[in-house]
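Only one structure is covered here, and it is reproduced in the block below.
The values are calculated or read from the model by the stated rules, or taken from the named source; none is laboratory data. Just so we're clear, the structure is a prediction, and the values are computed from it rather than from any experiment. Please note: Cβ atoms are built from the backbone with ideal geometry, for glycine as well, and neighbour counts cover all protein chains shown.
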């Protein structure tokens, strides 16, 4: 708004009215025609500026509303995808719990802790494969289309395995299965614990150092029959 013009108009209007008596001012207050004549003598360009600002704001709001409406399909699609992923995660959680129940009911040779460690290792290995693929792409050994296809597939597998490992770890933390000592010593595995926060890296049921040859007279297997 052009404030100097508005201020000048106000001063001129006051200057025209300050010399009038109270009776004359009362007459003006009760005479719409005189009020209109006074206003007509003022520079009202600022009123046009106000009107222009109003129209610009209305146009801007209308444009924003149209843009929001144009993005509604994208928002709906995002919500549907989120719902689908949530359902998949819930289904995976149920599958993991079912597998744990099956393992509890068996006298197999592999402990639940070893199974969790192997699952974590599989996720870590797939993570390394995806990193290797990225390096190959940066070195122009893989074209963009093949890179995207393979990378997205590998990342999906990584996330699914991490999700299963996390659910597995939570289940084991609720029931550590301390009474299940029936297992076979598993070979040492290299686990990147940075990928699996909250998963204990100690007290795993397999040797963490080199394994020597079995000595005569010693039972390599630790199964309790």
Requested in this report: Taking only the stretch 164-179 into account, find how many residues are surrounded by fewer than 17 Cβ atoms within 10 Å (Cβ to Cβ) and either modelled with pLDDT under 50 or touching a helix residue (DSSP H, G or I) at 6+ places or on another chain (Cβ under 6 Å) (or both).
Outcome: 4
Requested in this report: Only residues in the stretch 117-146 that are assigned by TED's automatic domain parsing to the domain that holds residue 170 count as the first member; pair them with residues that are at pLDDT 90 or above and outside any helix (DSSP H, G or I), Cβ under 8 angstrom, at least 6 apart or cross-chain, and list the lot.
Outcome: none
